[in-house]
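Worksheet: the structure to be examined is printed underneath.
The values are calculated or read from the model by the stated rules, or taken from the named source; none is laboratory data. Remember, predicted model here, so these are calculated numbers, not experimental data. As a convention, Cβ positions derive from the backbone with ideal geometry for all residues, glycine included, and neighbour counts pool all protein chains shown.
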Amino acid sequence: MIIDPAATESRNLYKLMVGAIVPRPIAFVSTISTEGILNLAPFSYFTAVGANPPAVCFCPSIRRDGSKKDTLRNIEATGEFVVNVVSEEFAAQMNACSAEFPPEVDEFAASGLTPIPSDLVKPPRVGESHIHMECRLLQVVHVSPKPLGGSLVIGEVLRFHVDDAIIADYVIDSGKLRPIGRMGGSTYTRPTDRFDLERPKL
């Protein structure tokens, strides 16, 4: 099957991409508006950028009505955010935050998750998460303003918070972290079936 993006509806391209680019880790991003309203939303277009300095990126999409998501508007206004890693034990609360709440709704309160203070940025961390990354905005690349278009948000990690129970010598024990990832549609995955491949040395 050959698919021409120029001749295909964007909603079908979205279904194709989220089914082909799998599994995807989840950035559970907490922000705060200029009015002080807390926001919490999951994004599965998420990855690391580099380690010197440590940087991460995620991609909020444009809503179907052409408006920006609250997370993106807050980050553009304040220059700060926190990436919280999602573990299986609070997957349902994370999923609750994926609803399109109006800007005046505090998703921490709506989901029952616990806001705890960050050290260097104003947005709080998710108390239930085992890993937090306090980030300062480096750059936003607006790829498309069209519905289901996206913006690439790049942030420098100013501080990591890692649960002592899941880390040893800077190595995360994924069996203890129990992260989840996104597949296509409403499907999630657990990285419980793992195997090792040593990188070749030339």
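Assess whether Val126 counts as being touching a residue at least 60 places away in the same chain (Cβ under 8 Å), surrounded by 13 or more Cβ atoms within 10 Å (Cβ to Cβ) and within 30 Å of Leu13 (Cα to Cα).
Working: touching a residue at least 60 places away in the same chain (Cβ under 8 Å): yes; surrounded by 13 or more Cβ atoms within 10 Å (Cβ to Cβ): yes; within 30 Å of Leu13 (Cα to Cα): no.
No, not satisfied.
Within the range 129-171, which residues are closer than 22 Å to Tyr14 by Cα and hydroxyl-bearing (Ser, Thr, Tyr)?
Hits for the range 129-171 are Ser144, Ser151.
Report every pair of residues separated by at least 6 positions or lying on different chains whose Cβ atoms are under 6 Å apart, first residue within the range 169-190 and free of Cβ contacts under 8 Å to residues at least 40 places away in the same chain and in a loop (DSSP other than H, G, I, E, B), second of a type outside the set (Gly, Ala, Ser) and surrounded by 13 or more Cβ atoms within 10 Å (Cβ to Cβ).
Asp173/Ile166
Can you tell me which residue in the range 72-86 is farthest from Lys122 (Cα to Cα), limited to those that are assigned to a helix (DSSP H, G or I) and without any contact (Cβ under 8 Å) to a residue 60 or more places away in the chain?
Restricting attention to the range 72-86, the residues satisfying the condition of being assigned to a helix (DSSP H, G or I) are 72-78.
Still in the list and also without any contact (Cβ under 8 Å) to a residue 60 or more places away in the chain: 73-74, 77-78.
Numbers: Arg73: 15, Asn74: 11, Ala77: 12, Thr78: 9 Å.
Restricting to residues being assigned to a helix (DSSP H, G or I) and without any contact (Cβ under 8 Å) to a residue 60 or more places away in the chain, the top hit is Arg73.
Please determine whether any residue of the range 129-143 is of a type in the set (Val, Ile, Thr), at negative phi and out of contact with any Ser or Thr (no Cβ under 7 Å at 6 or more places or on another chain).
yes
What about Ala6, is it more than 24 Å from Lys122 (Cβ to Cβ), under 18 Å from the mean Cα position of the chain (by Cα), modelled with pLDDT of 95 or more and not in a strand (DSSP E or B)?
So Ala6 fails the test.
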